[in-house]
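In what follows, a single structure is set out as structure tokens and then discussed.
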Amino acid sequence: MARAGGGSGWGQRPPAPPGDPGPALEPPAAAIIPTPGACAVAGCAATLVVPCAYRDRRGELCPSTGCVEHWRTVEGRPYCRRHAGVADTLRLATRRGHQFEAPDLQDRSLTLLRWVASELEGPVVERLSRCGDGRFRTLDDPEPIHVRGDRTRSRPAAWERVWTLADSTGPALRVVLRVEAPRPEAVVLAANHTVLATLVPPWIRHRALGEPEPVPEVDAAERAAFRDQVLAALAAYLEEHPPGRGPAIDLLR
Ligand SMILES: [Zn+2]
Ligand SMILES: [Zn+2]
């Protein structure tokens, strides 16, 4: 999916679309001058790099440096691969009136959620579109949101990505993909208020166990199996609980 503001090349700023309220994070750098150094991406031979512009909620700056091939600009600032996605989410959230704290440098939960959600995007929308003989439409909210923890409901803070199925009377099903603060290595799939699956992706499991990265074919097969596991959990729920049979769901959780 094309992301507004994700220009190629440093120091370039894409033209603002009509009605664009302008930069939401920090003002863009006037000019980004690469300096000699090593790119953080393994195997890259580039010798001119820039530092990642990401600063977390505590003011810590990302120590990574990268070359023009491997860095991406958001609002005219260069970011490492991980933080470009995080910056995208924060920037778009601000435009929509949300204010989320910039996650800590080592916090990968938003990155994990973004990756899994983009992998599942097509299959989830396709599966939801088969519910209710065309009676429903899918309200897709493409950017993750941060949900604060709520002790009285035993709900931890989390990054969430939501797909809502609705008909003319209101929302009938809310499919939520979530990475919770206490378990940043696991992905939770829920439908309305029911948790359907809590899974640790294979590449994170390997890392936690200190195992070597699998060869690309094995890695691809493991990622596909992980995606299928999540989708199977959703499909099983939809078989048992066809949307629209109960009262409209309460979106005020
Ligand atoms: Zn590079
Ligand atoms: Zn970074």
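The values are calculated or read from the model by the stated rules, or taken from the named source; none is laboratory data. What you see is a predicted model, and the numbers here were worked out from it, not measured in a lab. Note: ideal-geometry Cβ built from the backbone for every residue, glycine included; neighbour counts use all protein chains shown.
Note on segment 40-70: residues that are within 11 Å of ligand 2 (Cβ to nearest atom) and over 19 Å from Gly85 (Cβ atoms) amount to 0. Restricting segment 84-111 to residues that are of a type in the set (A, V, I, L, M, F, W, C) and part of a loop (DSSP other than H, G, I, E, B), the residue that is farthest from ligand 1 (Cβ to nearest atom) is Phe100. When each of Glu101, Glu69, Glu75 is tested for being of a type in the set (Asp, Glu) and on the phi > 0 side of the Ramachandran plot, the lone residue that passes is Glu75.
If you go through segment 32-83 and keep only what is among the polar types (S, T, N, Q) and within 12 Å of ligand 1 (Cβ to nearest atom), you end up with Thr47, Ser64, Thr65. Flag set for Arg114, criterion: in the same structural domain as Gln229 (by TED's automatic domain parsing), under 12 Å from the mean Cα position of the chain (by Cα) and within 16 Å of ligand 2 (Cβ to nearest atom). Determine if segment 88-98 includes at least one residue that is more than 15 Å from the chain's Cα centre (by Cα), within 11 Å of ligand 2 (Cβ to nearest atom) and not assigned by TED's automatic domain parsing to the domain that holds Asp141. Looking through segment 88-98, none of the residues is more than 15 Å from the chain's Cα centre (by Cα), within 11 Å of ligand 2 (Cβ to nearest atom) and not assigned by TED's automatic domain parsing to the domain that holds Asp141.
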